[in-house]
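A quick write-up on the structure given underneath.
The values are calculated or read from the model by the stated rules, or taken from the named source; none is laboratory data. Because the structure is a prediction, the values reported are computed rather than measured. As a convention, Cβ positions derive from the backbone with ideal geometry for all residues, glycine included, and neighbour counts pool all protein chains shown.
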Amino acid sequence: MRGWGRFSVGASVVLFTALVLTRVAANEYFFFAGYVVLQFVVLATAWNILGGYAGYVNFGAGAFFAAGAYTAVALMKLFSAPLPIQLIAAMCVTGLMGFVIGAMTLRLRGIFFSIATVAVAVICETVVMNWSLVGGARGTTVLPPPPPEGFSSYARMLFVLMTAIALLAVTLARHIETSKIGRGLRALRDNEEAAESVGVPTLRLKLFAATASGALMGLAGAPFPLYMNFIEPTSAFSLNYAVSALAMPIIGGTQIWIGPVIGALLLASVQQIVTVTVSSELNVLIVGVLLVVFVVAAPNGIVGLAQKLHKRWQRR
Amino acid sequence: MHFDLLAEAIVAGLMLGCFYAAVSVGLSVAFGLLDVPQIAHPAFLVLGAYGAYFLGQYGVDPLLAGALLTPVFFLGGLALYRFYHATFERRGGDAGLRGLAFFFGVSFILEVLLILSFGVDQRMVEAPYIGKSLALGEMRLPLRMLIAVGVALLLTLALSAYLSKTFTGRAIKAVAQDEMALSLMGADPVRIKHWAFAIATATCALAGALLIIVNPVEPGLGRLYIGRTFCVAVLAGLGSMPGTLVAGMILGVAESLVLNSLGASWAPAVAFGLLLLILAVRPSGLFGR
């Protein structure tokens with residue numbers, strides 16, 4: 001439990017800053033862009049719980065994100081449920097999806113597991129395409145309610161909400177990493193048979209990691225319809241989410257909770273800038289190229305590079 | 001469903017299946033025999049299709065274009081494997097995981113490069129055999145499908161013969177069984193793997209040409225073919241060539257039946273659903289080694 005004090009002070013400062021910004025900053029675009037960056041922090045952190053700590057590569061992050069978003073839409077259309085209910089329901093649905101994926105790790109490892117996650121993603125997309133309640137392939141419009149008291153616009157409230165979700169995700173990831181769960185996950189990543197034989201409850205750990213990862217991804221997607229005011233399957237299931245969720249932790253570093261956060265903050269900010277100034281295809285290309293470069297040249301990501309530099313500096 | 005319709009759907013499915021086998025043989029070699037997590041295989045297929053489209057603008061027949069591009073793809077595959085081997089396989093450790101992320105990145109880059117150079121619109125080619133069809137009693141067989149079936153069978157059977165009859169082909173199968181034993185026999189497993197991976201990539205040129213003959217293509221098509229090609233390769237039993245043909249036909253018929261009963265919008269889920277089923281029930285496939 002070392003360092004939790006400092007961590008919670010940092011988290012409170014971040015949340016407080018976000019709240020103050022909604023009062024001070026005038027530019028509405030800042031909140032739209034900031035929301036997207038924070039959403040990627042959640043996705044990257046969630047992906048890393050299963051992918052980085054346990055070594056199971058999930059190519060279906062987009063499906064979890066979209067499942068969260070569509071759960072929210074379905075609840076709005078059916079019962080006009082309020083946002084908190086939508087968040088909780090989305091978390092339950094995608095947590096369950098995560099549990100199912102976790103159960104698949106019983107038989108599937110390595111590339112077989114990854115292909116299975118692609119399969120789950122495409123099947124989910126096909127179901128949504130054929131589901132008329134949530135708009136099918138054409139999509140559907142969602143009207144946001146008036147902004148709650150104390151916020152001048154709905155986007156500002158969503159910005160603070162996403163900040164809180166990101167902090168929750170990072171806290172959970174940090175807890176998993178520093179506790180017994182993290183040690184168990186690392187053990188089974190290095191050698192599953194060996195871990196099992198010395199008494200690590202591999203299945204229970206994998207199920208936990210997959211469920212937590214899935215629930216957080218769904219939570220990242222749940223406010224998405226209200227943020228966009230519109231949702232359609234192609235953009236909700238976009239490959240960009242799957243690639244980013246995997247590329248950001250790998251670029252930042254998968255071994256420690258700050259890695260995905262650094263990767264997401266850096267990459268998503270660059271993406272926002274490039275999308276506005278150059279083109280959205282180019283920013284997708286940047287993610288792909290950076291992913292390959294880091295996988296090849298710096299397997300431990302930015303955090304790994306920093307540690308290496310630090311060591312060299314100490315030795316001098 | 002009416003009997004005539006059922007028969008027609010099955011015939012269409014079998015033809016489609018031969019085509020699916022052709023697009024999957026390369027993966028059967030790369031993933032099935034060599035254990036390379038070649039998730040970029042469908043991206044190379046789409047690249048081959050765009051190659052045929054590009055040469056088609058200068059009046060080159062798509063099949064000829066596929067044949068012309070085969071050596072180019074062979075060299076590309078050679079280079080890609082050399083790089084993959086040097087950076088991941090030799091280093092060991094969590095190479096599998098990182099190799100997977102590497103190929104995922106490569107396929108993503110290929111897709112975006114295609115979008116940047118050709119746009120997101122669907123593209124098709126022109127050839128004398130596209131658009132015509134052959135009447136066989138009540139049934140109409142599109143000529144482009146017949147051409148695809150012919151080339152697909154030729155490709156699959158040729159590769160199958162190569163792997164079981166020639167010295168290098170047998171060496172490739174031997175690498176899959178026991179790399180250590182092969183090196184004790186005095187053959188260099190790494191060189192054999194280079195050769196095999198290059199062949200696997202080369203098939204994407206011709207199979208990609210078939211892809212654009214059978215249907216119009218768009219850069220994002222690769223994602224759907226991840227399901228189809230891996231479904232066929234896994235169902236075949238990793239590396240079995242006759243198995244690839246049978247598995248392709250099973251998928252083709254299944255897709256054709258769903259297409260005719262539930263509608264086109266459900267078709268993409270068939271390959272992935274079948275894949276999940278196989279992985280859950282019998283991961284070693286029909287003709288597993």
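Of the numbered criteria (1) within 20 Å of the chain's Cα centre (by Cα); (2) within 9 Å of chain B (Cβ to nearest Cβ); (3) farther than 22 Å from B:Leu100 by Cα, the one A:Val284 fails is (3). Taken over the range A:116-127, the residue count meeting the criterion of being facing chain B (nearest Cβ under 7 Å) and either surrounded by 22 or more Cβ atoms within 10 Å (Cβ to Cβ) or touching a Gly at 6+ places or on another chain (Cβ under 7 Å) (or both) is 5.
Within the range A:295-316, the residues that satisfy the criterion of being within 9 Å of another protein chain (Cβ to nearest Cβ) and under 22 Å from A:Asn240 (Cα atoms) are A:Val295, A:Val296, A:Pro299.
Against the conditions (1) more than 22 Å from A:Pro260 (Cβ to Cβ); (2) buried (at least 20 other Cβ atoms within 10 Å of the Cβ); (3) aromatic (Phe, Trp, Tyr); (4) within 14 Å of chain B (Cβ to nearest Cβ), A:Phe113 satisfies every one except (1).
Inside the range B:136-172, can you point out the residues that are free of Cβ contacts under 8 Å to residues at least 40 places away in the same chain and in contact with a strand residue (DSSP E or B) (Cβ under 8 Å, 6 or more places away or on another chain)? Across the range B:136-172, the qualifying residues are B:Arg140, B:Pro142, B:Leu143. Of everything in the range A:45-71 that is β-branched (Val, Ile, Thr) and away from chain B (no Cβ under 12 Å), the residue that is surrounded by the fewest Cβ atoms within 10 Å (Cβ to Cβ) is A:Thr71. Could you check the range A:72-96 and list, in sequence order, the residues that are crowded, with 24+ Cβ neighbours inside 10 Å and under 25 Å from B:Leu97 (Cβ atoms)? Matches in the range A:72-96: A:Thr94 only.
Taking the range B:250-266 as the range and being out of contact with any Cys (no Cβ under 7 Å at 6 or more places or on another chain) and either within 17 Å of B:Ala233 (Cα to Cα) or buried (at least 17 other Cβ atoms within 10 Å of the Cβ) (or both) as the test, the residues that pass are B:Ile250, B:Gly252, B:Val253, B:Ala254, B:Glu255, B:Ser256, B:Leu257, B:Val258, B:Leu259, B:Asn260, B:Trp266.
All of A:Phe237, A:Phe208 fail the test of being of a type in the set (Phe, Trp, Tyr), crowded, with 23+ Cβ neighbours inside 10 Å and out of contact with any strand residue (DSSP E or B) (no Cβ under 8 Å at 6 or more places or on another chain), apart from A:Phe237.
Residues in the range A:284-295 that are surrounded by fewer than 23 Cβ atoms within 10 Å (Cβ to Cβ) and either in contact with a Ser or Thr (Cβ under 7 Å, 6 or more places away or on another chain) or without any contact (Cβ under 8 Å) to a residue 24 or more places away in the chain (or both): A:Leu285, A:Ile286, A:Val289, A:Val292, A:Val293.
Considering the range A:56-100, and only residues there that are part of a loop (DSSP other than H, G, I, E, B) and over 16 Å from the mean Cα position of the chain (by Cα), the residue that is modelled with the highest pLDDT turns out to be A:Pro82. The residues of the range B:228-243 that are hydroxyl-bearing (Ser, Thr, Tyr) and at pLDDT 90 or above amount to a single one, B:Thr229.
Pick out, from the range B:25-142, the helices (runs of 4 or more DSSP H) lying fully within it that include 1 or more residues that are within 11 Å of chain A (Cβ to nearest Cβ) and closer than 19 Å to B:Arg228 by Cβ. Show your work before the answer.
On the way: elements: B:41-56, B:62-84, B:95-118.
Answer list for the range B:25-142: B:41-56, B:95-118.
Scanning the range A:159-217 for residues that are within 18 Å of A:Leu108 (Cβ to Cβ) and basic (Lys, Arg) turns up A:Arg189, A:Arg204, A:Lys206.
Somewhere in the range B:120-134, is a residue of a type in the set (Val, Ile, Thr), within 30 Å of B:Leu14 (Cβ to Cβ), surrounded by fewer than 20 Cβ atoms within 10 Å (Cβ to Cβ) and at pLDDT below 90? The answer is yes; a qualifying residue exists. Somewhere in the range A:163-174, is a residue crowded, with 22+ Cβ neighbours inside 10 Å, in contact with a Gly (Cβ under 7 Å, 6 or more places away or on another chain) and modelled with pLDDT of 90 or more? No, because not a single residue in the range A:163-174 is crowded, with 22+ Cβ neighbours inside 10 Å, in contact with a Gly (Cβ under 7 Å, 6 or more places away or on another chain) and modelled with pLDDT of 90 or more. Taken over the range B:238-276, residues that are within 10 Å of another protein chain (Cβ to nearest Cβ), more than 22 Å from B:Ala200 (Cβ to Cβ) and part of a helix (DSSP H, G or I) amount to 10.
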